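What follows is calculated from the coordinates using simple rules that are stated; it is not laboratory data. Since this is a predicted model, take the numbers as computed values, not measurements. Cβ coordinates were reconstructed from backbone atoms using ideal geometry, including for glycine residues, and neighbour counts include every protein chain displayed.
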Ligand SMILES: CC(C)(COP(=O)(O)OP(=O)(O)OC[C@H]1O[C@@H](n2cnc3c(N)ncnc32)[C@H](O)[C@@H]1OP(=O)(O)O)[C@@H](O)C(=O)NCCC(=O)NCCS
């Protein structure tokens, strides 16, 4: 029987959630269904139907992403799953098709996702735009050579207060870091839900606030498992505040180790430590970015340098993007139009997605054999234009 992919109706929502959880190898509890329902957007939830049975799901979260110089509309891809009974017969491909077509109709110039495996999404035009570090450190080696001076103090706050202040703090900080995703209140509710089955043998969440004057300017949410502190989210309005929260975590008695994820690859904390080698860091690919509308995405970001660039972009999965573009950046901003000129740089749309936020240079992608330079100096010029002050990063939950 052929598979039909379409958005679900309201009365199909629970079946879609059950199928999604089953696709990830688990059973959906009543509590999970209730929480999922609070964040439901059935018009953006796709089901793959084998007859009346839902055998695959994917959800688009209507969102936005901080890009250089502003914000872009984002279709965030979530809850992608196909039942083990129906894998490898093109259902994900069918769902991606429907999902990206809908994003185009919704004028979302960008799409992003966090991939369970790095083999899956390049074929659909996604490239790795942000990376993060996992950290692990033995508490005996956490002394700071340069102690922080945040000008405030740390206090425990209740789970209710944390639910109220996390979205506000994140909204403030996300403006300052390219790659950060704008999360809805419902999304936060789900992220801080803290059900027993999510704890994996660890404690409930502890929430700690860093307070300066009468304002909360930093937050840390963690669990303890035996003698390890597991930091889930740690964010501050500035680097001093974040270092103060780390000092707090490093100072918790009766623990041996601190683990955390995901941290920016250019986080300054290692540079404060007396013995930085003791901070074990492992690198993971994080936000996979796809330009749903290449022209719109290129005009809407700002650039570090004025210049002109002719780009040949290959895009098989979204053929409306395929072609040659002239990007011209001047005092008044960027212009981008289709062009008949000979391309200076040739690349696939997934590589443009990887370089879009400045996380990797075009030259490095060329050294990896992914990008071609047809005019000497074009790659160096592209690198200077797309460069961003800090590494892109997203605090995914
Ligand atoms: C990942 C998943 C959604 C793929 O669904 P699917 O319907 O089997 O995918 P498709 O048949 O459309 O595959 C499309 C292509 O991707 C490849 N592919 C899909 N999943 C892959 C994987 N996990 N590893 C490597 N390649 C994969 C397929 O081989 C196929 O390649 P081809 O076109 O060259 O033949 C499904 O296996 C699944 O639900 N896995 C468990 C949950 C999960 O990991 N979800 C993703 C969250 S980001």
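Expressed to the nearest 5 percent, the antiparallel share of DSSP beta bridges inside region 133-285 is 90 percent. With the convex hull of the Cα atoms taken as the outline of region 304-380, the averaged projected area works out to 5.3 nm².
Annotation: peptides 153-162, 186-195, ranked by per-residue average of other Cβ atoms within 10 Å with the highest first, follow the order 186-195, 153-162.
Give me P(r) over region 242-397, computed from all C-alpha to C-alpha distances, binned every 5 Å, as integer percentages. Here the calculated profile for region 242-397 is 2, 8, 15, 19, 16, 10, 8, 7, 7, 5, 2, 1, 0, 0.
Based on Cα atoms of region 133-285, Rg over Rh with Rh as the Kirkwood radius reads 0.93. Using the Cα coordinates of the chain, the gyration tensor eigenvalues translate into equivalent-ellipsoid semi-axes of 35, 30, 18 Å, sorted from longest to shortest. When the helices of the chain are scored as -39500 (n - 2.57) per DSSP H run of n ≥ 4 and the total is divided over every residue, the value at 222 nm lands at -7500 deg cm²/dmol. I'd like the distance separating the alpha-carbon centroids of region 196-275 and region 67-128, in whole Å. When both Cα centres are located, 31 Å separates them. The three principal axes of the C-alpha atoms in region 4-108 carry coordinate ranges of 44, 32, 23 Å, sorted with the longest axis first. Tell me, how many Å apart are the Cα centres for region 174-195 and for region 1-28? So the separation of the two Cα centres works out to 24 Å. Largest GNM mean-square fluctuation among 124, 317, 197, using the chain with Cα springs under 10 Å: 197. Here the calculated FRET efficiency for residue 339 and residue 387, from their Cβ-Cβ distance with R0 = 30 Å, stands at 0.80, rounded to the nearest 0.05.
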